[in-house]
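Have a look at the structure that comes next, please.
What follows draws every value from the coordinates through simple rules; no lab data is involved. Model, not experiment: these values are computed from the prediction. We place every Cβ from the backbone using ideal geometry, glycine too, and count neighbours over all the protein chains shown.
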Amino acid sequence: MLLPVFLGQPVPPETLASTLAKLDRCLQLLEDKFLKDQDFLAGPHISLADLVAITELMHPVSAGCDLFKSRPKLAAWRQRVEAEVGEDLFQEAHAAIMKAKDLPPADKAIKEKLKPLVQPLLH
């Protein structure tokens, strides 16, 4: 989600659609197999699993993909995690990644170095 922002290069529509479909399947799995009908991923109390998962899920959010909007169960879990961590600390922990989409693209030299590594991911 962030590579195109960093590289200033659009993702082909078919790649974006495929990636979003995979993300949707992963989110469904997260809800069905891990969150189930409990407050947190590993049970009734917040755990490292919740902290790692929320950190990963904030990456697409930072790129403009609000994956919580159409998933009330996941959105409620996010709110519980944020409440347990504390709103201020939660916002502070994700401040840098939430600003990533506003950064200018990388300079040409960095783009050229990364191009062979990134191209397979964008196709």
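Can you pull out the trypsin sites (Lys or Arg not before Pro) in the stretch 1-102 that DSSP calls coil and that have at most 16 other Cβ atoms within 10 Å? List each step's numbers first, then the result.
Working: sites: 22, 25, 33, 36, 69, 73, 78, 80, 99, 101; in loops: 36, 69, 99.
Here the sparse-neighbourhood loop sites are 36, 69, 99.
With mean projected area of the Cα convex hull in nm² in mind, check (i) 12.8; (ii) 8.3; (iii) 13.4 and report the label derived from this structure.
(ii)
Defining a contact as two alpha carbons under 8 Å apart and six or more residues distant in sequence, what relative contact order in percent does the chain show? Numbers along the way, then the final one.
Numbers: 82 pairs, mean separation 49.3, N = 123.
So the answer I get is 40 percent.
Hydropathy at least -0.5 by Kyte-Doolittle, axial extent at least 18 angstrom from the Cα trace: which helices of the chain, defined as entire DSSP H runs, fit? Mind showing how you got there, number by number?
On the way: long enough: 13-29 (24 Å, 0.14); 48-62 (21 Å, 1.10); 72-85 (20 Å, -0.59); 108-122 (19 Å, -0.01).
Qualifying helices, which must be both long enough and hydrophobic enough, are 13-29, 48-62, 108-122.
Once Lys and Arg get +1 and Asp and Glu get -1 on their Cβ, which of 49, 60, 109 lies farthest toward the positive end of the dipole of the chain?
The residue sitting farthest along the positive end of the dipole is 109.
Right, next: Counting helices only, and only those DSSP H runs with n ≥ 4, report the 222 nm mean residue ellipticity of the chain as the sum of -39,500 (n - 2.57) divided by its residues, in deg cm²/dmol to the nearest 500.
On the way: 6 runs with 78 residues, N = 123.
When only DSSP H runs of four or more count, the value is -20000 deg cm²/dmol.
Then there is this: Once you have the Cα-Cα distance between residue 21 and residue 112, take 0.36 nm times their residue separation minus that, and quote the gain in nm to one decimal. Walk me through the numbers before you get to the answer.
Working: separation 91, 0.36 × 91 = 32.76 nm, distance 2.92 nm.
Going from the current span to full extension adds 29.8 nm.
Which value, in debye to the nearest 20, describes the size of the charge dipole of the chain about its Cα centre when Lys and Arg Cβ atoms bear +1, Asp and Glu Cβ atoms bear -1, and nothing else is charged? Don't skip to the end; give the middle numbers.
Details: 15 positive and 17 negative charges, 110 e Å.
So the dipole magnitude of the chain works out to roughly 520 debye.
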